[in-house]
Amino acid sequence: MILTHPKIDESIGNRIISNVIAKQENTEVRHLDKLYPDFKINIKAEQEALLKADTIIIQYPIFWYSTPAILKQWIDQVIQFGFAFGDDNYNLEGKKLIASFTIGSPVKDYPQEIIDKIIFHLQGLAEYCKMEYVGEIFCNDINGYSDGAKENAIKAANNHAQKLLKLINSF
Ligand SMILES: Cc1cc2nc3c(=O)[nH]c(=O)nc-3n(C[C@H](O)[C@H](O)[C@H](O)COP(=O)(O)O)c2cc1C
């Protein structure tokens, strides 16, 4: 799992989901913000981690309909020509990619047209690199603005984590 969350200690959703995955056998959670607080990605280490994986889960909170900045940096630097694509260098070919994200807003503000736009870049990346885009798992209303909201967010995140587990255990 490639996890990004700049304030994981304050997180509800991404903390719950990544903790569930971290407890599984044969999984590794790479928290980019902890590994690279200065944004200086160790490209070789990231590429080696990807080579070891059969399934890559990109886990993040939605920031402005997109991803936190360090995830973009990671994509731009790690999924590079000569490693992930180009000539015969499709080293990620056949690996499964799952987009897994938390959304602060309610379901009504995120109809499928919006979700389709959110996932477009990861679907495109997978296709370009001959990976298999398996699908997306997401949950809405992940915010702790009030006690009730926080409880609901915890439930939604646990539900999300279980869906994700079910999916990866189905491979
Ligand atoms: C910089 C920033 C931008 C955000 N942009 C969006 C957004 O575009 N849509 C949305 O629904 N929530 C947005 N949010 C809310 C986050 O998606 C929400 O806090 C997060 O998914 C909750 O996950 P967590 O419990 O792991 O922190 C934004 C939050 C921040 C800090």
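What to note about this one:
- Shape class for the chain: prolate, because the ratio a/c of the largest to smallest gyration tensor axis (alpha-carbon atoms, square roots of eigenvalues) is 1.5 or more and a/b beats b/c.
- Approximate spin-label separation Ala22-Lys44, in nm, with each point projected 7 Å along Cα-to-Cβ: 2.7 nm
- The Cβ shell under 14 Å around Glu132 holds other residues with a net charge of -1, Lys and Arg each +1, Asp and Glu each -1.
- Relative contact order (%) - criterion: Cα under 8 Å, at least six apart; region: the chain: 25 percent
- Per-peptide average of other Cβ atoms within 10 Å, ordering 81-91, 50-60 highest first: 50-60, 81-91
- Rounded to whole Hz, the Karplus (6.51, -1.76, 1.60) HN-Hα couplings of the stretch 111-128, x for glycine and proline: x, 4, 4, 6, 4, 4, 6, 4, 8, 3, 5, 6, 4, x, 4, 4, 4, 4
- Rounded to the nearest 500, the 222 nm mean residue ellipticity of the chain from helices alone is -13500 deg cm²/dmol, with -39,500 (n - 2.57) taken per DSSP H run of at least 4 residues.
- The label-point distance for Leu165 and Tyr90, in a model that sets each label 7 Å from Cα toward Cβ, rounds to 3.4 nm.
- With K and R counted +1 and D and E -1, the other residues having a Cβ less than 15 Å from that of Lys117 yield a net charge of -4.
- Long-range amide H partners of Glu132 with built H, under 5 Å: Gly94, Lys95, Lys96, Leu97
- Taking θ as phi - 60° and the Karplus parameters 6.51, -1.76 and 1.60, the scalar couplings of the stretch 19-32 work out to 5, 4, 5, 4, 7, 7, 6, 6, 10, 9, 9, 10, 8, 4 Hz in sequence order, x denoting glycine and proline.
- For Tyr145 and Val107, a Förster radius of 25 Å and the Cβ-Cβ distance give a FRET efficiency of 0.95, rounded to the nearest 0.05.
- Computed from backbone phi, the HN-Hα couplings of the stretch 55-72 come to 10, 10, 9, 9, 10, 6, x, 5, 10, 6, 6, 9, 10, x, 4, 5, 5, 5 Hz, rounded to whole numbers (Karplus: 6.51 cos²θ - 1.76 cosθ + 1.60, θ = phi - 60°; Gly and Pro given as x).
Laboratory data are not the source of any read-out in this text; all were calculated from the coordinates shown. Computed from a predicted model, the values in this text were never measured in an experiment. Because the Cβ atoms are built from the backbone with ideal geometry, glycine has one as well, and the counts that use them run over all protein chains shown.
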